[in-house]
Structures are given as C-alpha cells and as structure tokens.
1. Counting heavy atoms of the protein chains only and a 1.4 Å probe, report the per residue accessible area for the stretch 1-46 as a whole number of Å².
2. What is the spin-label model distance, in nm, from residue 5 to residue 34 if the labels are put 7 Å beyond Cα along the C-beta direction?
3. Let a ≥ b ≥ c be the square roots of the eigenvalues of the Cα gyration tensor of the stretch 35-82; is it rounded (a/c under 1.5), or, if not, prolate (a/b larger than b/c) or oblate?
4. So how far apart, in nm, are the two label points at residue 60 and residue 82 if each is 7 Å from Cα heading toward Cβ?
5. So what are the radius of gyration and Dmax for the Cα set of the stretch 1-61, in Å?
6. Ignoring ligands, DNA and RNA, what percent of the accessible area of the chain is carbon or sulfur (1.4 Å)?
Amino acid sequence: ADWGVRPLVEVVDQSGNPVWGVEWLATRLGDRLLVNLSSYLREPVRVRLLVEGRAVQVANRITAALAQPTLELPSLAPVLVECR
C-alpha cells in the first residue's frame, strides 16, 4: 500500500487482519475474479476475501460449494474460488 500498489484480492481472518501461512494468486478471467489459495498451516483456517477493501462472497469451484462470505482452508490442499 505504501508504494501505491493494491492487490486484486486481500485474504484476512475474521478480525480483518492479514492471514499468516496462506498463499494466494488472483486473476481475472473475463468478468470473473478467480483466486487459488493454499494454507501451509497445520490446522484449517477460516478466512474472508476482500476486493477493493470490501468482503465478498466466494464460491468454491473445485467442490461446487455455494457462495459463502467466509471460507475454511484445509491444511495443504488447494482451493479455487470465484469471487462474487
């Protein structure tokens, strides 16, 4: 933020703080925003995704789960979501 760079997506915990131990890559595909996430923590972690500073609902594209405001990331398993 100090350099004027804003990521497409921010991953935060339930309190709105950045999450440690979670890696993500985001891209736009047409009008969709896709995010690939991986947690390197030993325990599952619950996160929220922020787009332009606002929480968005996410739909898991691997399991076809319905859109939710929060997402539980299992340890060492990839998750692909679409932001809505």
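1. That works out to 78 Å² per residue.
2. About 2.3 nm separates the two model spin labels.
3. oblate
4. 1.6
5. Both quantities, over Cα of the stretch 1-61: 12.0, 35 Å.
6. 53
The values are calculated or read from the model by the stated rules, or taken from the named source; none is laboratory data. Please read all numbers here as calculations on a predicted model, not as lab measurements. Positions of Cβ are backbone-derived with ideal geometry, glycine not excepted, and every protein chain shown enters the neighbour counts. Heavy atoms of the whole protein, side chains included, go into the accessibility calculation; ligands, DNA and RNA do not. Shrake-Rupley method; radii C 1.70, N 1.55, O 1.52, S 1.80 Å.
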